[in-house]
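Each value in this text was obtained by applying a stated rule to the coordinates, not by laboratory testing. In this text the structure is predicted, and so the values were computed from the model without any measurement. With ideal geometry, Cβ positions are generated from the backbone for all residues, glycine too; neighbour counts draw on all protein chains shown.
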Amino acid sequence: MKKWYFHHTEDTFLDHPELVDLTLPSLDARQAILASAVPALAAAAAAKAIEQWSRPASDITHLVFATYSGAHMPGADVQLASLLGLRPAAQRTMMYPGGCTAGSAALRVAKDIAENSRGARVLFTNGF
C-alpha cells in the first residue's frame, strides 16, 4: 500500500464534538460518517484503478467489497457501484467480516470469481 487516507477534517470535528471529547459517546456519529465516507473513499481509489486498467467501468462484471465499518442498507457496494457507473447487472458481493480478515476473505472471493467465471472482470475494494 503506497498511500493511506484519513477522512476526518476540521469540519468533521466541528460538526461532531463527541469525536474529540472522550467523555461523550461517539459510535453513532462515527457510523454515520462511515456510511458515506467508506464508499466515497473506495470510489476514489477504484476510479484510479479503472483508469490504469484503460477500460470503461461498464466492463466490470463483478464487484467484491469488504468493510468492517458497520452494515448499512443499502450497502456500500450499492453506493460504490452507483458512484463508479457500473452496470446494474454487475454482480455485487458485500462482505462484513471483522477486523483485518475482511480484506483477505474478500480477496479470496474475488480470486475465485475471476478464476472460475469466464469473461469475469472483477473489481475488489476493501474499506475500513
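As a calculated quantity, the FRET efficiency between residue 55 and residue 23 at R0 = 35 Å, using C-beta atoms, amounts to about 0.10. Each Lys and Arg adds +1 at its Cβ and each Asp and Glu adds -1 at its Cβ; summed about the Cα centre, the chain shows a dipole of about 780 debye. Among 93, 101, 61, the largest mean-square fluctuation in a Gaussian network model of the chain (Cα springs under 10 Å) belongs to 101. The Cβ shell under 15 Å around residue 58 holds other residues with a net charge of +2, Lys and Arg each +1, Asp and Glu each -1. For residue 12, what charge total do you get from the other residues with a beta carbon under 13 Å from its beta carbon, if Lys and Arg give +1 and Asp and Glu give -1? Here the count lands on -3. Extension gain, residue 2 to residue 104: 0.36 nm times the residue separation minus the Cα-Cα distance gives 34.9 nm. In loop segments of the range 1-102 as defined by DSSP, the trypsin sites (Lys or Arg not before Pro) with at most 12 further C-beta atoms inside 10 Å of their C-beta are 2, 3. Taken over the range 10-127, the alpha-carbon convex hull comes to 112 cubic angstrom per residue. Judged by the gyration tensor of its Cα atoms, with axes a ≥ b ≥ c, the range 82-128 is oblate; a/c meets the 1.5 cut and b/c is at least as large as a/b.
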